[in-house]
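These notes concern the structure reproduced below.
The values are calculated or read from the model by the stated rules, or taken from the named source; none is laboratory data. Bear in mind the structure is a predicted one, so any value in this text is a computation, not a measurement. Just so you know, the surface numbers come from the protein's heavy atoms only, side chains and all, with ligands and any DNA or RNA stripped out. Shrake-Rupley method; radii C 1.70, N 1.55, O 1.52, S 1.80 Å.
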Amino acid sequence: QVQLVESGGGLVQAGGSLRLTCAASGRPISIYTMGWFRQSPGKEREFISTWSDARTYYADSVKGRFTISRDNAKNTVYLQMNSLKPEDTAVYYCAAASGWKRGLARDEYDYWGQGTQVTVSS
């Protein structure tokens, strides 16, 4: 199995940028569909972005502002977040799904990190 650890969250002003990092260990991420989700208080965990078999998908709410990337040599996935808005405030989670899946739904994923808090002030 694979273990995932997120980092890079923090407090940023609206319009600012952050880059989240998901460091994987135990298995190579090259064999997984990798995704990012987020959860705000009182809301369900929602899909943000996924990388599956060299294809990327984004939620409409972040399209054009967020970019997912992966470095298989470092066994790491990134989420570059630009033009941040207060509504982006949430705990952000990295996830891995065995095999190639579209990766848009939470139940497709087998492994989750502990999350990293992102707070965007207005």
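Tabulated results
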| read-out | value |
| --- | --- |
| Share of pairwise Cα separations in region 42-103, more than 19 Å, in percent | 31 percent |
| Cα centroid separation, region 1-64 to region 85-101 (Å) | 4 Å |
| Rounded percent of accessible protein surface that carbon and sulfur make up, the chain, 1.4 Å probe | 47 percent |
| Relative contact order of the chain, defined on C-alpha pairs under 8 angstrom at six or more residues apart (%) | 37 percent |
